[in-house]
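J.: This structure is in structure tokens; I'll ask about it shortly.
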Amino acid sequence: MNDQHRMPQYPEPYWRDGVNLPSFDSLNGDQNVDVAIIGAGISGITTAYLLSKEGLKVAIVDAGKIFNGTTGHTTAKITAQHDLIYDELIQHVGVEKAKQYYYSNTEAIQFIQQTVNEKGIDCDFSTEDAFLYGTTQASKTKLEKEWNAYQKLGIKGETKSSIPFQAGAVSALVMKDQAQFHPIKYLLPMIEEITAAGGLIFENTTAIDVQTGAKPIVITRDGFRVTCNFVVSCSHFPFYDRLSFYFTRMHAERSYVIGVETDQQYPGGMYLSVDNPTRSLRSTPYRGGKLILIGGESHKTGQGINTMRHYEALQEWGGNVLGIKSFPYRWSTQDLVTLDKIPYIGEISSKEENIFVATGYKKWGMTSSTVAARLISDQIMRRQNAYKDLYTPSRFIADPSVKNFLIQNADVASHLISGKIEMAPKKVEELETDEGSVVKVSGKRAGAYKDLSGKLHIVDTTCSHLGCECEWNSGDRTWDCPCHGSRYTFDGDVIEGPAERPLKKLNLD
Ligand SMILES: Cc1cc2nc3c(=O)[nH]c(=O)nc-3n(C[C@H](O)[C@H](O)[C@H](O)COP(=O)(O)OP(=O)(O)OC[C@H]3O[C@@H](n4cnc5c(N)ncnc54)[C@H](O)[C@@H]3O)c2cc1C
Ligand code: FES
């Protein structure tokens, strides 16, 4: 294998590479604004952009750097073809609501295209057909059912018996005229407009609580306060729960992406297999040619095999199907899946009219975030929106939610117990450089990582959220919780909630 084919040592998403990102100070005093928006990903920025255009003063607060959450690690297909969903939606919420789901996402694509055209945004936007494909008889049957659903809902599509590359497809379902783009290049001009309108952006500022009331106050970890009329939680996992137990109503799923140049010419289009393990494909302009993004290998966070194997599986598949010429990028990220697979967008609880949430996009956040930004803006501006009831987080649809609810929570319970009693597989002194593992320290389960300089970083692996045991993620060098998807650096700092507090640091003696 020559060096170009070798997997990059550290994960880095293509989208953030070479893009001139502005940087912002952290909040170091109290603020008073119309709307406080927590999270600077596509949800937060699009919402802030729309509200700024309405003349409202916004403040965006992000715990890290802008676009360093899931938005900076996505594959950025802009489509209403959200995997196999429409047949299931018809079964569970009926034809009218399934239609609303399709319309709301299709309008989101139109909104994005219109914004790109009106502002002349150079973000590699292109119209592409989206393909779902199957390689087995069982998946062919699923695609036939989905095609029936398309016809009932009036979705523009067609069936095919193959796709234009050798992935073993026996059937495919096409949704016409979908799109793809570079998500960060699309969002940067919005940031310029938000700040030009007097909007404030604060990085490295973690929101930890809200004092509720007619004028809610967002409290930050450093003790500063943002007083406002409305709060919008766009923090991926909601930073504030108000006893709504979002962690019992969603689970986190991680997936992996590799960015490669291929021997074969890419045929155009965006692809997703409906088999297991899934495979996702799209291309993006790269150095006068194309970078092909190959994704897949989803699993619940903290429940994967050795995470490097997921990248290797994508590399092997890409090599067989398209041939790999160079392998410059790899990255992974996670998204949240709700009980009934419909995002939670709207008032965070039935008791709060001025605190909103947008989450649970099931890896389809490019359109869902746009649906959310438009819906929440309408609610704040006291305008009607036809999709309010479909997305309201207060819904509780008995089927399939109850079943999923029980499965998710049984899963959590089993991890709470099994993580505690399993044997630690390694001794600290056995660790190689750049290796992490569960170990035993003073007779108790702990986690250790030996960095490139040989320094050991040891943490108590008990998740600070509700006490499940975190597992080592070798691909990203993080500790990931299998219960509700919290993630921590190898030093124990929180990367992703619901956990708010770091893992306890331990010493060897
Ligand atoms: C592998 C993968 C591929 C995907 N591909 C696609 C695709 O092709 N098409 C598609 O439509 N969708 C895709 N998605 C989904 C999509 O990327 C996400 O749904 C979307 O990016 C979520 O955006 P967001 O703004 O809601 O969250 P994020 O981008 O995660 O932003 C949340 C922000 O909130 C901040 N934050 C968190 N907690 C706090 C706090 N307490 N205080 C302050 N700030 C906080 C974080 O730092 C972060 O910046 C994919 C997802 C995955 C996992
Ligand atoms: S995220 Fe809930 S216990 Fe870890």
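J.: Please state which of the following conditions S255 fails to meet, knowing it meets all the rest: (1) in contact (Cβ under 8 Å) with a residue 24 or more places away in the chain; (2) among the small types (G, A, S); (3) under 30 Å from S26 (Cα atoms).
T.: Of everything listed in (1) in contact (Cβ under 8 Å) with a residue 24 or more places away in the chain; (2) among the small types (G, A, S); (3) under 30 Å from S26 (Cα atoms), S255 misses just condition (3).
J.: Search segment 462-482 for residues that are over 29 Å from Q9 (Cβ atoms) and pair each with any residue that is more than 14 Å from ligand 1 (Cβ to nearest atom) and among the aliphatic types (A, V, I, L, M) when their beta-carbon atoms are under 6 Å apart and the residues are at least 6 apart or on different chains.
T.: Once the first residue is over 29 Å from Q9 (Cβ atoms) and sits in segment 462-482, its partners that are more than 14 Å from ligand 1 (Cβ to nearest atom) and among the aliphatic types (A, V, I, L, M) give C468/L416.
J.: For the condition assigned to a helix (DSSP H, G or I) and within 16 Å of ligand 2 (Cβ to nearest atom), what is the one hit in F239, F247?
T.: F247
J.: Let me ask another. Just to be sure I understand, how many residues within segment 306-326 are out of contact with any Ser or Thr (no Cβ under 9 Å at 6 or more places or on another chain) and within 11 Å of F165 (Cβ to Cβ)?
T.: Qualifying residue count, segment 306-326: 1.
J.: In segment 271-320, which residues are among the polar types (S, T, N, Q), under 14 Å from M7 (Cβ atoms) and assigned to a helix (DSSP H, G or I)?
T.: So in segment 271-320, the residues among the polar types (S, T, N, Q) come out as 273, 276, 278, 280, 283-284, 298, 301, 303, 306-307, 315, 320.
Narrowing the set further to residues that are under 14 Å from M7 (Cβ atoms) leaves 306-307, 315.
Correct list: T307, Q315.
A quick yes/no check of all residues on (1) within 16 Å of ligand 1 (Cβ to nearest atom); (2) open to solvent by 30 Å² or more (accessible area, probe 1.4 Å):
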| residue | (1), (2) |
| --- | --- |
| I294 | yes, no |
| E297 | yes, no |
| G302 | yes, no |
| I305 | no, yes |
| N320 | no, yes |
| I324 | no, no |
| K341 | yes, yes |
| A373 | yes, no |
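J.: When both residues are 6+ apart or on different chains and their Cβ atoms are under 7 Å apart, which pairs have a first residue that lies in segment 192-203 and is farther than 12 Å from D25 by Cβ, and a second that is crowded, with 16+ Cβ neighbours inside 10 Å and of a type outside the set (A, V, I, L, M, F, W, C)?
T.: Sorted first by the residue in segment 192-203, then by its partner, the pairs are E193/Y49; E193/S52; I194/Y49; I194/S52; A197/S52; G198/K57; G199/S52; G199/K57.
J.: So how many residues does segment 365-391 have that are among the basic types (K, R) and under 21 Å from the mean Cα position of the chain (by Cα)?
T.: Total satisfying the criteria: 1.
J.: Same structure, new question: Could you tell me whether S43 is on the phi < 0 side of the Ramachandran plot, touching a Gly at 6+ places or on another chain (Cβ under 9 Å), near ligand 1 (Cβ under 7 Å from one of its atoms) and not in a loop (DSSP other than H, G, I, E, B)?
T.: In short, yes.
J.: Here's a follow-up. Quick one: would you say L84 is closer than 25 Å to G346 by Cβ and open to solvent by 30 Å² or more (accessible area, probe 1.4 Å)?
T.: no
J.: Additional query: Just give me the residues in segment 143-166 being open to solvent by 20 Å² or more (accessible area, probe 1.4 Å) and not charged (D, E, K, R), in sequence order. Walk me through how you get there before you give the answer.
T.: First, the residues of segment 143-166 that are open to solvent by 20 Å² or more (accessible area, probe 1.4 Å): 144-145, 147-148, 151-152, 154, 156-162, 164, 166.
Of everything in segment 143-166, those that are open to solvent by 20 Å² or more (accessible area, probe 1.4 Å) and not charged (D, E, K, R) turn out to be W147, N148, Q151, G154, G157, T159, S161, S162, P164, Q166.
J.: Please report, ordered by residue number, the strands (runs of 3 or more DSSP E) entirely within segment 395-509 with at least 1 residues that are at pLDDT below 90, of a type in the set (V, I, T) and farther than 30 Å from G94 by Cα.
T.: Those strands (runs of 3 or more DSSP E) span 435-441.
The values are calculated or read from the model by the stated rules, or taken from the named source; none is laboratory data. All values reported here derive from a predicted model rather than from experimental measurement. Heads up, the Cβs are rebuilt from the backbone with ideal geometry, glycines too, and the neighbour counts pull from every protein chain shown. Remember, those area values only see protein heavy atoms, side chains included, never the ligands or the DNA or RNA. Shrake-Rupley method; radii C 1.70, N 1.55, O 1.52, S 1.80 Å.
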